[in-house]
Amino acid sequence: MSETSFEGVLPALVTPFTPDGAAVDHEALGALVERCVAAGAGGLVPCGSTGEFPTLSSAERRAVVETTIATAAGRAPTVAGTGALSTRETIELSVHAEQAGAAAVMIVPPFYDPLSWPELLAHYADVAEAISIPIMYYNLPSATGQTLTAAQLQELRREAGVTSLKDTGGDATAATELIQREGEGPTLLNGYDTQTFSALAQGVRAVVWGVASILPEPCVRLHRLLIDDLDLAAARDLWQRLWPVCDFVERHSYPAAVKAGCEHVGLTTGPVRAPLRPLGAGAREELAQRIAANRTIPPIVGTEWGGTLREPRALA
């Protein structure tokens, strides 16, 4: 199992659908990928929770991964979500992702019935045996019922080659323990939106972030301010604008909220798939106000974030 160190903001991508929700809109997906790459994304994460993976067929999941990788064209690595209810399907999706050119796979534990520790360890070890690219553990206890100890995570790295962990647990104390134990277990990537600032301030070098699909430029800038520039004052100012958006999406149906935000800034997303429901008019208006309060939305095409909180800078 190879090692890959991720750096920067990795947008958790929505999966755009046709207006009737019957098929994936690959042209719209390509436009989203292009926007994120142009903004300086450190990677791309398709087929995660934000991407509504439980509603996608296996064929659709493969196609979404292929489109993401082909559109990125080597400019940003793709971490493909390949978690499934069975070990066999997880392996099949992971093998496909590697063959398609993914840099790593992100695997959520089977989430119908919580596995025993030996079962979970064997599940990841079996996948690791079938592929040569790194595995990212998707820590999502609200869906999986699994909360691993630091010792178990160390064993997961040692015995199953799990080199990184997307933490969507929401437990800031547990996350801090893992950060402080750096080098002993999988490398932590923050995946809980409202904890992004504190994670970056503690030195976490990569974040998987759904709001980065809506506002990629300011999200990338926040990472640079805290990791590269060490400009705490500017980062605090920017975070005051980003946090209300993060807070909103975490309090609503996450995929529906991120899709509504993407639509608000001009991207084509199509509907969410049932059983999810779109945001109501009142919620959409509140989200629009929170996005507008950032005053950081550049045009979708032909610009990049220019380093101020007022005006985007056009590409040369």
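Run TRP243 past the list (1) of a type outside the set (Asp, Glu); (2) closer than 15 Å to VAL9 by Cβ; (3) open to solvent by 10 Å² or more (accessible area, probe 1.4 Å) and report the number of the one that doesn't hold.
(2)
How about segment 215-240: which of its residues are in a helix (DSSP H, G or I), open to solvent by less than 60 Å² (accessible area, probe 1.4 Å) and among the hydrophobic types (A, V, I, L, M, F, W, C)?
Listed by number, the residues that qualify are CYS219, VAL220, LEU222, LEU225, LEU226, ILE227, ALA234, ALA235, LEU238, TRP239.
Mind checking which residues of segment 178-187 are modelled with pLDDT of 85 or more and farther than 14 Å from ASN139 by Cα?
Those that are modelled with pLDDT of 85 or more and farther than 14 Å from ASN139 by Cα: ILE179, GLN180.
Where in segment 16-104 are the helices (runs of 4 or more DSSP H), entirely inside, with at least 2 residues that are under 25 Å from THR168 (Cα atoms) and of a type in the set (S, T, N, Q)?
Answer list for segment 16-104: 58-72, 87-100.
I'd like the full set of residues that are assigned to a helix (DSSP H, G or I) and basic (Lys, Arg), limited to segment 155-174.
ARG157, ARG158
Go through (1) small (Gly, Ala, Ser); (2) open to solvent by 10 Å² or more (accessible area, probe 1.4 Å); (3) touching a residue at least 40 places away in the same chain (Cβ under 8 Å) and name the single condition ALA22 misses.
Unmet for ALA22, out of (1) small (Gly, Ala, Ser); (2) open to solvent by 10 Å² or more (accessible area, probe 1.4 Å); (3) touching a residue at least 40 places away in the same chain (Cβ under 8 Å): (3).
Inspect segment 175-187 for any residue being part of a strand (DSSP E or B), more than 27 Å from ALA28 (Cβ to Cβ) and in contact with a Pro (Cβ under 6 Å, 6 or more places away or on another chain) and give the result as yes or no.
Within segment 175-187 (the criterion being part of a strand (DSSP E or B), more than 27 Å from ALA28 (Cβ to Cβ) and in contact with a Pro (Cβ under 6 Å, 6 or more places away or on another chain)), the answer is no, since none of the residues qualifies.
Only residues that are at pLDDT 95 or above, of a type in the set (Ser, Thr, Tyr) and closer than 29 Å to GLU159 by Cβ: list them for segment 1-51, please.
Answer for segment 1-51, where residues must be at pLDDT 95 or above, of a type in the set (Ser, Thr, Tyr) and closer than 29 Å to GLU159 by Cβ: just SER49.
Mind checking which residues of segment 248-287 are part of a helix (DSSP H, G or I), open to solvent by 30 Å² or more (accessible area, probe 1.4 Å) and without any contact (Cβ under 8 Å) to a residue 60 or more places away in the chain?
GLU250, ARG251, GLU263, HIS264, ALA281, GLY282, ARG284, GLU285, GLU286
The values are calculated or read from the model by the stated rules, or taken from the named source; none is laboratory data. It should be emphasised that the depicted structure is a prediction, and the values quoted were computed from it without experimental measurement. FYI the Cβ positions are ideal-geometry reconstructions off the backbone, even for glycines, and counts take in every protein chain you see. Areas reflect the complete protein model, heavy atoms only, side chains present, ligands, DNA and RNA absent. Shrake-Rupley method; radii C 1.70, N 1.55, O 1.52, S 1.80 Å.
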